[in-house]
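Novice: Have a look at the structure that comes next, please.
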Amino acid sequence: MTSCEKAAIICNKAQYNEASFIDKLKLKFHLITCKTCSKFTKKNAQLTSICDKAKLYSLSEAEKAAMKTKLNKEI
Amino acid sequence: MPAIKFQYKEDSMKLIKTNSLIFGKDEKQMPLNKLHPNTWVDAYADYLFNYAVGRVSDAEIARDLVQETFFAGLKSAKNYKGDATERTWLIAILKRKVIDYYRKSNSKKGRAEVRMNYNANSDSEGDWLEEQVADPFSSFENDVIENEELGLAIHDCISKLPKKQSLVFKMKTIQGMSTEDICNELDINPSNLWVMIHRARTALVGCLNQNWFEL
C-alpha cells in the first residue's frame, strides 16, 4: 500500500510531468481510499493551473547577484 | 455644590487631555516602516520584475527598469516618510519609470501619434464604426488584468516562503528547470528537492487561500 507521504510526492511529481506510469497508478489507487490525499491532489492541481495562468516571471539568481553588486556600489 | 461640580468638570477635562497625550505618544511610537536597501533585491526583485514585464512585455527592458527603480529608491531614500510599506513605495517608483520609458521611446522616434491602419485585414466590409466597437462579450481584457494581479499575489506568497524553498520552487515552476539541474546547482538530492517542493506548494496553497481566493 502506498503511504500518504509517498502519494504526496508522486502527486507533486505529476504536477511537473515527472511521475512514471506506475507511480500514477499507485497514486490513483491510493486516492480511492484516502480522502485527505484526494483533497490535496485537487488543490495541488489547481495551484499548477493558476501558476500557468498567471504567466509568472522571475529573475535568475545570476541576474539578481548582478543587481546586488550594482546596487551595493551605490550604497 | 456648583464649585464642586466645576472642579469635577475640570478634572475630567484634564483626564481627557492626558488621555489624548498618551494616544498622541502612542501614535508616534508606532513602528514606522524603514528602508533596508540591502534586502531589496532578494525581497522585491521578482515582484517588481513581474509587474514590469506586465507593462513593457520585454524581459530585458523590465529588468533594467527594476534596476533603475532600486537606484532611484536609493537616491530619494531621504524622502521616504515611512507611512507606506517599502514595497508599495518601490512600486510607485517603478510606475513612474514605466511611464518615463514609454515617454522616451515615443519622443525619440516621434511615434507619439497613434496610427491605425484601416485596411489591415482585407475582408473588412468598410463599415468603419461598426468594426471598431469593442466586443461586449470579450473577456480578454479582464483576464489580462486578473492574471497580472494573480501573478503578483503568487509572488507575494512566494516571498513569504523560506529562502531555500522559494528558490527551489521558482527554479522548478517558473524557470522550468529539470530536477537534475537543480540538484546539481544547489547540491541536494532529488528526494530532498521533492520534500522542499511539497512544503512550498502546501504553504502556497494556504497563503493563496488567505489572500486571493478559495483554492
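Read-outs throughout are calculated quantities, based only on the coordinates presented, and are distinct from any laboratory measurement. Bear in mind the structure is a predicted one, so any value in this text is a computation, not a measurement. For neighbour counting, all protein chains shown are included, and Cβ atoms are generated from backbone atoms with ideal geometry for every residue, glycine included.
Novice: Give the stretch A:3-18 a look and list any residue that's over 18 Å from B:GLU180 (Cβ atoms), within 11 Å of chain B (Cβ to nearest Cβ) and surrounded by fewer than 18 Cβ atoms within 10 Å (Cβ to Cβ), or say none.
Specialist: Within the stretch A:3-18, A:GLU5, A:LYS6 qualify.
Novice: Quickly run through the stretch B:59-93 and pick out the residues that are among the charged types (D, E, K, R) and within 11 Å of chain A (Cβ to nearest Cβ). So that I can check it myself, show each step before the final result.
Specialist: Initial filter on the stretch B:59-93 (among the charged types (D, E, K, R)): B:60, B:63-64, B:68, B:75, B:78, B:81, B:83, B:86-87.
Residues satisfying the conditions are B:GLU60, B:ARG63, B:ASP64, B:GLU68, B:LYS75.
Novice: I need the full set of residues from the stretch B:41-53 which are at the interface with chain A (Cβ under 7 Å from one of its Cβ atoms) and not charged (D, E, K, R), in order please.
Specialist: Selection gives B:VAL41, B:ALA45, B:PHE49, B:ASN50, B:VAL53.
Novice: Considering only residues that are in a helix (DSSP H, G or I) and aliphatic (A, V, I, L, M), which ones fall in the stretch A:47-68?
Specialist: If we filter the stretch A:47-68 for residues that are in a helix (DSSP H, G or I), which is where we start, we get A:47-54, A:61-68.
If the condition is that a residue be in a helix (DSSP H, G or I) and aliphatic (A, V, I, L, M), then A:LEU47, A:ILE50, A:ALA54, A:ALA62, A:ALA65, A:ALA66, A:MET67 are the ones that fit.
Novice: Please find, within the stretch B:42-80, the residue that is surrounded by the fewest Cβ atoms within 10 Å (Cβ to Cβ) out of those that are part of a loop (DSSP other than H, G, I, E, B) and free of Cβ contacts under 8 Å to residues at least 40 places away in the same chain. Step through it out loud before you land on a result.
Specialist: Within the stretch B:42-80, the first condition is being part of a loop (DSSP other than H, G, I, E, B), and the residues that meet it are B:57-58, B:76, B:80.
Remaining after also requiring free of Cβ contacts under 8 Å to residues at least 40 places away in the same chain: B:57-58, B:76.
On the way: B:SER57: 9, B:ASP58: 13, B:SER76: 11.
So the residue we want is B:SER57.
Novice: Answer yes or no as to whether B:GLU180 is in contact (Cβ under 8 Å) with a residue 24 or more places away in the chain and in contact with a helix residue (DSSP H, G or I) (Cβ under 9 Å, 6 or more places away or on another chain).
Specialist: Details: in contact (Cβ under 8 Å) with a residue 24 or more places away in the chain: no; in contact with a helix residue (DSSP H, G or I) (Cβ under 9 Å, 6 or more places away or on another chain): yes.
Considered against the rule, which asks whether it is in contact (Cβ under 8 Å) with a residue 24 or more places away in the chain and in contact with a helix residue (DSSP H, G or I) (Cβ under 9 Å, 6 or more places away or on another chain), B:GLU180 comes out as no.
Novice: Tell me yes or no: at least one residue of the stretch A:38-54 is more than 25 Å from B:LEU152 (Cα to Cα) and surrounded by fewer than 14 Cβ atoms within 10 Å (Cβ to Cβ). Lay out the reasoning, then the answer.
Specialist: Going through the stretch A:38-54, the residues more than 25 Å from B:LEU152 (Cα to Cα) turn out to be A:38-39.
Okay, now just the ones that are also surrounded by fewer than 14 Cβ atoms within 10 Å (Cβ to Cβ), so A:39.
Yes, there is a match, as at least one residue in the stretch A:38-54 is more than 25 Å from B:LEU152 (Cα to Cα) and surrounded by fewer than 14 Cβ atoms within 10 Å (Cβ to Cβ).
Novice: Give all pairs with beta carbons closer than 6 Å in which a residue from the stretch A:36-50 that is more than 10 Å from every other protein chain (Cβ to nearest Cβ) meets a residue that is surrounded by fewer than 16 Cβ atoms within 10 Å (Cβ to Cβ); count only pairs at least 6 apart in sequence or on separate chains.
Specialist: Close Cβ pairs (under 6 Å, with a partner that is surrounded by fewer than 16 Cβ atoms within 10 Å (Cβ to Cβ)) amount to A:CYS37/A:CYS4.
Novice: Of the numbered conditions (1) within 24 Å of the chain's Cα centre (by Cα); (2) surrounded by fewer than 15 Cβ atoms within 10 Å (Cβ to Cβ), B:VAL168 satisfies every one except a single condition; which is it?
Specialist: With respect to (1) within 24 Å of the chain's Cα centre (by Cα); (2) surrounded by fewer than 15 Cβ atoms within 10 Å (Cβ to Cβ), B:VAL168 is out only on (2).
Novice: Given the conditions (1) β-branched (Val, Ile, Thr); (2) surrounded by 15 or more Cβ atoms within 10 Å (Cβ to Cβ); (3) more than 30 Å from B:ASP42 (Cβ to Cβ), and given that A:ILE32 satisfies all but one, which numbered condition is not satisfied?
Specialist: Failed condition: (2).
Novice: Which members of the stretch A:51-72 meet the condition of being within 9 Å of chain B (Cβ to nearest Cβ) and either touching a Leu at 6+ places or on another chain (Cβ under 8 Å) or among the polar types (S, T, N, Q) (or both)?
Specialist: Listed by number, the residues that qualify are A:LYS53, A:ALA54, A:SER58, A:SER60, A:GLU61, A:MET67, A:LEU71, A:ASN72.
Novice: Would you confirm whether or not the stretch A:19-27 contains a residue that is surrounded by 14 or more Cβ atoms within 10 Å (Cβ to Cβ), within 11 Å of chain B (Cβ to nearest Cβ) and either under 20 Å from the mean Cα position of the chain (by Cα) or in a helix (DSSP H, G or I) (or both)?
Specialist: Yes: one or more hits.
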